Amino acid sequence: MCGIFAYKGYQTNATELVFEGLKNLEYRGYDSWGIAWKKNQQIQVYKQVGKISEASSEPFAEQESTLAMSHSRWATHGAVTQNNAHPHFSSDQSIAVIHNGIIENYQEIRDRLGRSRFSTETDTEVIAELIAEYRKTMDFESAAKKACHEFEGRYAFIAMSQEDDMLIAARRGSPLILGVAAGEWFLASDIPAFLKHTREVNYLDDDQMVVIGEEARFIDLLSDMEIQKRTVTIDWTEEEAQKGDYDHFMLKEIMDQKETIMRAINQNEEEILKIAEYIKKARGVFLSGCGTAGKVCMASEYFFSIVANRHVNFAPASEFPIYHHFLIPESLLIVVSQSGETADVLEAMKVAKEKGAKVLSIVNVQGSSIARTSDFSLQINAGPEKAVASTKAATSQLSLLLLIAYAVAGRLEEGKKLLIETASMINDMLNPRFLKYIKEVADAINHSEHTYIIGKAANYPMALESAIKIQEVSYIHAEGFAAGELKHGPIALITPGTPCIALIAEDEVRQDILNSTMELKSRGAYIIGVSPNMHECFDHWIRVPDAGIASPIVNVIPIQLLAYHLSVLRGCNPDMPRNLAKSVTVK
Ligand code: AGP
């Protein structure tokens, strides 16, 4: 959801600094943006509808300031207008606030303070108004603390005061990270905002506040006591967070898969074996995640079943709470999340923990809320993933879960060998000729309004994932099916020329899925076969290496590329699909 970024330090171009840094968070929200800064003891605000990446820094060039904050919005409450864009002022203009999350009791607070004091449709305005109200009779820090005690819902906010030369920020349920350098502080919802300036960070936990004046002080909002926080050095580099020579982050991140599988499986073996033992001993293992990460979980159900002869249950995180009847202290919930901040996943974890169950998380973002609040956590080490469409994170998650399935089966070395070979095959596959061919396939189906994808066994969830990829970046109606289900309904949708993609592996179900593909072909479908081997029914053959049980990892990559090209051909921006945000921190 929304991106927030603030600076306090000695650099006098704070407005330009937050303007540039915020561009790195645009993937979190891109319907409008705004900046507040202090100049001559006055708070100035500038906001606009549209993408910050398309805006000029000109309004900030002459603004000498050492204190500034910025926000890119993904609207939840209130239409996409300049007035609803953040920062928001209190009615007396003494406090300005940027916010990510939802203040659920905002109507109640508005009623109490008087509706005439509010001029936007947002929930955020109550944060500024309530702090300003309390600031009339107490200092800024006490006013902010008192206000926090009244907010219900999720928030990460940063507040600036006309009277005080400080920034105050607090979090509950939405990410907030403090970057620290000598005499400088950077507050952001994600690390890429300040990676250029520092890699030393303090992660704020729920119900914590940071007050940045001459120095940074942390406060636990539950006890109102000052606390110490550990500084962590993060291992992402600035280059990793840039798109380099690529036109889009999505393409760059697809190509990163030449290396990311190896990074995902490069884990501490003792840790993997310990986790495998835990899985073996657990009474009931659940897998959960959202969207693409959910499809990864679903494919992993097959991995655990086929490789380790273990039954694990998948439920999308938004549905998981209903499973609470089955949870006991001996249960294990495995959650998968690229961002490590997805609200539905955090909620699933809460439900599991309330029943005393243990949680293992598989995340990409180091120090994220999900990583920090699970009992065991593994990182996939894919580097920053900034395109909204998840690509390299998904294949890394699949690789790590397949490795764990092998560890559970007592065949860790065999799993490692398979995945090393798969990584090398992916490296070969992503060659210029292959990329050109996928573009040709995209050209051939670019004008279609519907696409169907079929798969079987672990490639069935990948058919669902392929549909997500095509939908979210190209806006073509795409649906994935279990191949065998076609004849029970969906085949009625096929008309001559309808593009249908079949994800095929050289496994025991190959003939079954080929039969389903032939059934589609007989109804006039235009067949794109993703397969190690050619078949006469293919109109296009996307040749992929034979990766055995790891085939879902290999098969999904050409569809990521296909979705990318469809997006570009149709004039869309693959990095910032409409209505979506990279990290979904609201329920
Ligand atoms: C995938 O391309 C999506 N953008 C989306 O489904 C995503 O996978 C989902 O929101 C989960 O995010 P997470 O991995 O950060 O938890």
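The values are calculated or read from the model by the stated rules, or taken from the named source; none is laboratory data. For clarity, every value in this text was computed on a predicted model and none was experimentally measured. Here the Cβ is made from the backbone with ideal geometry for all residues, glycine too, and neighbour counts use every protein chain on show. For accessibility, only protein heavy atoms count, side chains too; no ligands or nucleic acids. Shrake-Rupley method; radii C 1.70, N 1.55, O 1.52, S 1.80 Å.
Observations on the model:
- Using the average count of surrounding beta-carbon atoms within 10 Å as a protection proxy, the listed peptides 301-311, 262-272, 127-137 rank, highest first, as 127-137, 301-311, 262-272.
- Annotation: average projected area of the range 21-98 is 5.2 square nanometres, based on the convex hull of Cα atoms across all directions.
- Looking at the range 209-335, the DSSP beta bridges with both ends there are about 45 percent antiparallel.
- Difference of contour (0.36 nm per residue) and Cα-Cα distance, Asp539 to Glu440: 34.4 nm
- Zero-based 5 Å bins, Cα pair distances in the range 20-169, whole percents: 2, 10, 20, 23, 21, 15, 7, 2, 0
- Approximating the spin labels as points 7 Å out from Cα along Cα→Cβ, the His149-to-Asn268 distance works out to 4.1 nm.
- Förster-model FRET efficiency, 45 Å R0, Asp165 and His311, C-beta, rounded to 0.05: 0.15
- Inter-part distance, the range 64-80 to the range 195-244, computed on C-alpha centroids, equals 20 Å.
- Our Cα-only numbers for the range 362-480 put the radius of gyration and Dmax at 17.0, 49 Å.
- Ordering of 279-286, 3-10 by packing [mean C-beta count within 10 Å, highest first]: 3-10, 279-286
- Per-q log10 I(q)/I(0), the range 163-237, q = 0.13, 0.21, 0.22 Å⁻¹ (Debye; single scatterer per alpha-carbon; no solvent): -0.36, -0.93, -1.01
- Between the range 289-334 and the range 89-167, the alpha-carbon centres lie 40 Å apart.
- Dipole of the chain, positive end: most advanced residue of Ala547, Thr198, Leu178 [Cβ charges, Cα centre]: Ala547
- Share antiparallel - DSSP beta bridges, the chain, percent rounded to 5: 60 percent
- Other residues whose C-beta falls under 11 angstrom from the C-beta of Tyr437 contribute a net charge of +2, scoring Lys and Arg +1 and Asp and Glu -1.
- All C-alpha to C-alpha distances of the range 406-546, sorted into 10 Å bins beginning at zero, yield P(r) values of 11, 39, 34, 13, 3 percent in whole numbers.
- Evaluated on the range 94-199, the Kirkwood hydrodynamic radius is 14.5 Å, with distances taken between all distinct Cα atoms.
- Net charge of neighbours whose Cβ lies under 15 Å from the Cβ of Gln471, counting Lys and Arg as +1 and Asp and Glu as -1: 0
- Rolling a 1.4 Å probe over the protein heavy atoms leaves Ser142 with an accessible area of roughly 40 Å².
- Mean Kyte hydropathy of 1.0 or more with a Cα span along the axis of at least 27 Å, helices from DSSP in the chain: 551-569
- Burial ranking of peptide ranges 574-583, 392-401 (average Cβ count within 10 Å, highest at the top): 392-401, 574-583
- Estimated at the nearest 10 Å², the accessible area of His248 is 40 Å² with a 1.4 Å probe.
- Under conditions of 10 °C and 1.306 mPa s, the chain yields 64 µm² s⁻¹ as its translational diffusion coefficient, taking Rh as the Kirkwood radius over Cα pairs in the Stokes-Einstein equation.
- Expressed in Å, the radius of gyration and Dmax of the Cα atoms of the range 260-332 are 13.2, 38.
- In the range 195-272, the ratio of gyration radius to Kirkwood radius, Rg to Rh, stands at 1.13 when only Cα atoms are counted.
- Each residue of the range 421-495 gets 110 Å³ once the volume of the Cα convex hull is shared out per residue.
- With the convex hull drawn over the C-alpha atoms of the range 249-390, the volume per residue is 103 Å³.
- Rounded FRET efficiency, nearest 0.05, which uses the C-beta distance separating Tyr10 from Arg117 and R0 of 35 Å: 0.45
- Straight-line cross-link reach from Lys51 at under 18 Å between alpha-carbon atoms covers these lysines, not counting any fewer than eight positions away in the same chain: Lys23, Lys243, Lys386, Lys582.
- Charge dipole (the chain, unit charges on Cβ, about Cα centre) - positive-most of Leu346, Ile102, Met166: Leu346
- Selection from Val210, Gln93, Ala156 lying farthest towards where the dipole of the range 90-217 points positive, charges on Cβ: Ala156
- Among residues other than Pro490 with Cβ under 13 Å from its Cβ, the summed charge is -1 (Lys and Arg +1, Asp and Glu -1).
- Reciprocal mean inverse distance between Cα atoms of the range 469-572 - Kirkwood radius, Å: 14.2 Å
- Span from the the range 400-427 Cα centroid across to the the range 543-587 one, whole angstrom: 23 Å
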